[in-house]
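Engineer: Can you read through this structure? Questions will come right after.
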Amino acid sequence: MPRHRLTVLFLAIALAAGGAGSACKKKSPPIARPTPPPPPDDMTANRPPAPPEPVTEAPPVAVPPEPSVSSADMGSLDEINKKGILAPVFFEFDSAEMSSEGQAVLAKNAEMMKQYPTWIVSVEGHCDERGTAEYNLALGERRALSVRQYLVSLGIAAERLRTVSYGKEFPFDPGHSETAWAHNRRANFVVTAK
Amino acid sequence: MTHRSILQPAVSLCAAIALGVVAMAAVPGTPQQPSATPPAQEQPREGSSKISGNGNAKPKLAVPDFLAATPDAETKAIAATIGQVLWADLDFEREYYMVPRDTYASIPVPASVDAVPFDRWRELGADGVVIGAVRKTATGVTVQVKLYSVAGQTAAFSKEYSGTAANPRVFAHTISDEIFKQQRNLTGVARTKLTFSSDRDGERMKGTVYDRKIKEIYISDYDGANPRRITVNRSLNINPVWSSDGKAIAYTSYRRQNFPDIFIQRIYDGTPPESPAHGTDRIHNFLPAWSPDGTKLAFMSNRDGNAEIYVMDANGGNLRRITRHPNIDATPTWSPAGNQIAFTSDRSGSPQIYVVDADGLGQPQRITSDDSWADRATWSPAPFNEIAYAARNGPGFDIKIRDMTTGQSHFLTNGEGSNESPAFSPTGRHIAFASTRLGNQQIFVVARDGNGLHQVTKEGNNYTPNWSR
């Protein structure tokens, strides 16, 4: 969990830094400011303002993300979904029960959804090709609903979670091996609004 | 007649032909042309109008190319098509031994339908021969056809049709159905249609970062010819089923905001599809099944928290819950009398077929036990009382048939690829299903005894066939 969150933070910082950098480039030349660059530790409030000093170069400063993160930092919905920020949960054959690994993934996803409280998320239930097309629609529905229920139990508002079953209609792995099947039995997460 | 409303933009060419047949077809036996031999129906001898085989053998029929009575290229092409398609239509029911067409390529096409070289057909061993002629008219074509008894040298069936030249196959299908009715007292299916779901156009789902092939609903002739796409929403459209009048198709579609709902589309009207189950982003509806009388739909919905079977009127009224179980209840089908519903449930731990009264009041009875997975029950029409379903058999599925009277089951397919989603023909004599036996998933049709396999789709992948009545 911490590693995942750090990755996201890092991404956010990188994006913000990129944004700040390009903003600064537009300001040319740098203008002397009445305040010095941010001091290393001591607060400036207690001191009288220092006399103005000419500044020849001001390095751009990366602004860290706000404590309550705006999902604008994450890019467009497509970018968010391409990154797979909400990890999928995998299932056994003809089962909608969550493994302990699945529960851990859902805990991380729940945390992320709390961090981005405006996200609306669609939980897609998928099945492998070894089941029949018709029954798999119901099985995918059951997988999606059980994941939704679990996320609600972790404190996510039910209104933020949609479910949809795709049965075996949209395999992630087109193969016909155990590995492909395991890959395709999943609840997949798609952020549909932010 | 009713034909007019059945056939509109999508198959308007059929309409013209059908109307032509209705309006202008001669009564069998009515003399249309000067004839050396009187038409069979006027003959007093009983049974003489029926072509019979030698002893108990199936009658042997030949269908040579039809004569192009006007010598232009279009008429010749129509004449050739009708001959080929009629041969295949008559072959389909396996009531006749159809003499292969290449064995009589050397017998010259007669100058008229009455100048038949019977000695040549006798040499070939044919019991009957269908001779036809196509003539271009100001408005289309007329097709004259006679089925001759080779032994009696008399016409057992004689009729003339008129229609547009746009779809010659409809002439062949009509002739075939009428020959079966008159000769064998059999309802043919040459004018019935299939519907199925297909990804053949290779389009991708919109609004997603994943590479997802859409599926749209198609219809085709019973033999796969004349495929037409009837949905264009670039989404997932699956499980199409014909209404009993053949004018509407109900299906599951994700067309609206990407949640699954049931739509009824009047395919010849061009009106927007109705969604009688009133799906929402929370209430999902799947797998419609028309009641035999065409007034109701059974379907699966999550509206009470998990997959259950419901029944509603076709307009959405009188919604009734049929199953009540925390496990999955899916994939309904109606009994021919409409008083029972078979469905799939995993309440025993694996998907199995159950039967319950259509009022939902009785206890569901489990009817499959030899299979580790059983789904997509489809109940035969009368006079058969069978349920076909997909049963796990080895790594894939095979189509299995259970006789509901005797309780006996047998496999219809035998391990070639995976075989799913069976659908009976309207007469119960054939079954369509989807199979991966050739790689991609395709629709096949097979006779109820497992013989006479036909592949009816070839492009892309094709799923969940259903047969019009």
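Engineer: Examine segment B:263-284 for a residue that is crowded, with 18+ Cβ neighbours inside 10 Å, within 19 Å of residue A:142 (Cα to Cα) and within 14 Å of chain A (Cβ to nearest Cβ), and state whether such a residue exists. Walk me through it before giving the result.
Structural biologist: To start, the set of residues in segment B:263-284 that are crowded, with 18+ Cβ neighbours inside 10 Å comprises B:263-265, B:267-268, B:273, B:276-277, B:279, B:284.
Cutting the leftovers down to within 19 Å of residue A:142 (Cα to Cα) gives us B:279, B:284.
Now drop any that are not within 14 Å of chain A (Cβ to nearest Cβ), which leaves B:279, B:284.
Yes.
Engineer: Can you confirm whether segment B:395-403 contains a residue that is open to solvent by less than 60 Å² (accessible area, probe 1.4 Å), out of contact with any helix residue (DSSP H, G or I) (no Cβ under 7 Å at 6 or more places or on another chain) and at the interface with another protein chain (Cβ under 10 Å from one of its Cβ atoms)? Let's see the steps before the verdict.
Structural biologist: Applying the first criterion (open to solvent by less than 60 Å² (accessible area, probe 1.4 Å)) to segment B:395-403 yields B:396-403.
So of that shortlist, the ones also out of contact with any helix residue (DSSP H, G or I) (no Cβ under 7 Å at 6 or more places or on another chain) come out as B:396-403.
Now narrow it down to the ones that are at the interface with another protein chain (Cβ under 10 Å from one of its Cβ atoms): B:396-397.
Yes, segment B:395-403 contains a residue that is open to solvent by less than 60 Å² (accessible area, probe 1.4 Å), out of contact with any helix residue (DSSP H, G or I) (no Cβ under 7 Å at 6 or more places or on another chain) and at the interface with another protein chain (Cβ under 10 Å from one of its Cβ atoms).
Engineer: I'm trying to understand the selection: among the residues of segment A:101-155, which are basic (Lys, Arg) and under 30 Å from residue B:435 (Cβ atoms)? Can you show your working first?
Structural biologist: Going residue by residue through segment A:101-155, those that are basic (Lys, Arg) are A:108, A:114, A:130, A:142-143, A:148.
Of everything in segment A:101-155, those that are basic (Lys, Arg) and under 30 Å from residue B:435 (Cβ atoms) turn out to be A:130, A:142, A:143.
Engineer: Based on what the data block shows, is residue B:211 assigned by TED's automatic domain parsing to the domain that holds residue B:421 and open to solvent by 40 Å² or more (accessible area, probe 1.4 Å)? Quick ask: steps written out before the conclusion?
Structural biologist: Numbers: assigned by TED's automatic domain parsing to the domain that holds residue B:421: yes; open to solvent by 40 Å² or more (accessible area, probe 1.4 Å): yes.
Yes: the conditions hold for residue B:211.
Engineer: For segment B:76-95, check the following and say yes or no: at least one residue is within 31 Å of the chain's Cα centre (by Cα), surrounded by 16 or more Cβ atoms within 10 Å (Cβ to Cβ) and not in a helix (DSSP H, G or I). Even if it seems obvious, please write down each step before you answer.
Structural biologist: We begin by selecting, within segment B:76-95, every residue within 31 Å of the chain's Cα centre (by Cα); these are B:76-95.
Pick out the ones that are also surrounded by 16 or more Cβ atoms within 10 Å (Cβ to Cβ) and you get B:76, B:78-79, B:81-93, B:95.
Add one more test, that the residue is not in a helix (DSSP H, G or I), and what stays is B:93, B:95.
Checked segment B:76-95: at least one residue is within 31 Å of the chain's Cα centre (by Cα), surrounded by 16 or more Cβ atoms within 10 Å (Cβ to Cβ) and not in a helix (DSSP H, G or I).
Engineer: Moving on to the next point. From the set of residues in segment B:194-207 that are facing chain A (nearest Cβ under 10 Å) and open to solvent by less than 40 Å² (accessible area, probe 1.4 Å), which is modelled with the lowest pLDDT? Even if it seems obvious, please write down each step before you answer.
Structural biologist: In the first step, residues of segment B:194-207 are kept if they are facing chain A (nearest Cβ under 10 Å); the result is B:197, B:199, B:205, B:207.
Cutting the leftovers down to open to solvent by less than 40 Å² (accessible area, probe 1.4 Å) gives us B:197, B:199, B:205.
Details: B:197: 98, B:199: 97, B:205: 90.
Here the answer is B:205.
Yes or no, residue by residue, for (1) β-branched (Val, Ile, Thr); (2) without any contact (Cβ under 8 Å) to a residue 60 or more places away in the chain:
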{"site": "B:340", "(1), (2)": "no, yes"}
{"site": "B:351", "(1), (2)": "no, yes"}
{"site": "B:364", "(1), (2)": "no, yes"}
{"site": "B:369", "(1), (2)": "no, yes"}
{"site": "B:384", "(1), (2)": "no, no"}
{"site": "B:387", "(1), (2)": "yes, yes"}
{"site": "B:390", "(1), (2)": "no, yes"}
{"site": "B:405", "(1), (2)": "yes, yes"}
{"site": "B:408", "(1), (2)": "no, yes"}
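Engineer: Mind listing whichever residues of segment B:290-301 are within 18 Å of residue B:360 (Cβ to Cβ), open to solvent by 10 Å² or more (accessible area, probe 1.4 Å) and either assigned to a loop (DSSP other than H, G, I, E, B) or within 14 Å of chain A (Cβ to nearest Cβ) (or both)? Don't jump to the end; show me each part of the working.
Structural biologist: So the first thing to find is which residues in segment B:290-301 are within 18 Å of residue B:360 (Cβ to Cβ), and the list is B:290-293, B:295-301.
With open to solvent by 10 Å² or more (accessible area, probe 1.4 Å) added as a condition, the list becomes B:290, B:292-293, B:295-296.
Within segment B:290-301, B:292, B:293, B:295 qualify.
Engineer: Go through (1) within 14 Å of another protein chain (Cβ to nearest Cβ); (2) within 30 Å of residue B:50 (Cβ to Cβ) one by one and return the number of the condition residue B:191 breaks.
Structural biologist: (1)
Engineer: Looking only at segment B:247-262, count how many residues are farther than 15 Å from residue B:236 by Cα and either in contact with a His (Cβ under 8 Å, 6 or more places away or on another chain) or within 14 Å of chain A (Cβ to nearest Cβ) (or both). Working first, answer last.
Structural biologist: Pass one, segment B:247-262, residues farther than 15 Å from residue B:236 by Cα: B:247-249.
Checking the rest, the ones that are also either in contact with a His (Cβ under 8 Å, 6 or more places away or on another chain) or within 14 Å of chain A (Cβ to nearest Cβ) (or both) come to none.
Final tally of qualifying residues: 0.
Engineer: Does segment B:427-459 hold any residues that are of a type in the set (Gly, Ala, Ser), within 14 Å of chain A (Cβ to nearest Cβ) and surrounded by fewer than 24 Cβ atoms within 10 Å (Cβ to Cβ), and which are they? Full working, then the answer.
Structural biologist: Pass one, segment B:427-459, residues of a type in the set (Gly, Ala, Ser): B:428, B:432, B:434-435, B:439, B:447, B:450, B:452.
Adding the requirement that they be within 14 Å of chain A (Cβ to nearest Cβ) leaves B:434-435, B:439.
B:439, the sole residue that qualifies.
Engineer: Which residue, of A:185, A:130, is of a type outside the set (A, V, I, L, M, F, W, C) and more than 14 Å from chain B (Cβ to nearest Cβ)? Before you say what the answer is, go through the steps one by one.
Structural biologist: Numbers: A:130 fails: more than 14 Å from chain B (Cβ to nearest Cβ).
Result: A:185 is the single residue among A:185, A:130 that is of a type outside the set (A, V, I, L, M, F, W, C) and more than 14 Å from chain B (Cβ to nearest Cβ).
Engineer: Further question: Find the strands (runs of 3 or more DSSP E) located wholly in segment B:113-191 whose residues include 1 or more that are charged (D, E, K, R) and surrounded by fewer than 24 Cβ atoms within 10 Å (Cβ to Cβ), and list them. Give the steps one after another, and end with the answer.
Structural biologist: Numbers: elements: B:128-136, B:141-149, B:154-163.
Output list reads B:128-136, B:154-163.
Engineer: Which numbered condition in (1) open to solvent by 20 Å² or more (accessible area, probe 1.4 Å); (2) within 11 Å of another protein chain (Cβ to nearest Cβ); (3) within 15 Å of residue B:212 (Cβ to Cβ) is the only one that residue A:173 fails?
Structural biologist: With respect to (1) open to solvent by 20 Å² or more (accessible area, probe 1.4 Å); (2) within 11 Å of another protein chain (Cβ to nearest Cβ); (3) within 15 Å of residue B:212 (Cβ to Cβ), residue A:173 is out only on (2).
Engineer: While we're here: Residue B:81: among the hydroxyl-bearing types (Ser, Thr, Tyr) and within 11 Å of residue B:172 (Cβ to Cβ), yes or no? Even if it seems obvious, please write down each step before you answer.
Structural biologist: Details: among the hydroxyl-bearing types (Ser, Thr, Tyr): yes; within 11 Å of residue B:172 (Cβ to Cβ): yes.
Taking the combined requirement at face value, the residue satisfies it.
The values are calculated or read from the model by the stated rules, or taken from the named source; none is laboratory data. All figures in this text were calculated on a predicted structure; none of them were measured in a lab. Cβ: placed from backbone, ideal geometry, glycine included. Neighbour counts: every protein chain shown. To get the accessible areas, we keep the full protein, side chains included, count just its heavy atoms, and leave off ligands, DNA and RNA. Shrake-Rupley method; radii C 1.70, N 1.55, O 1.52, S 1.80 Å.
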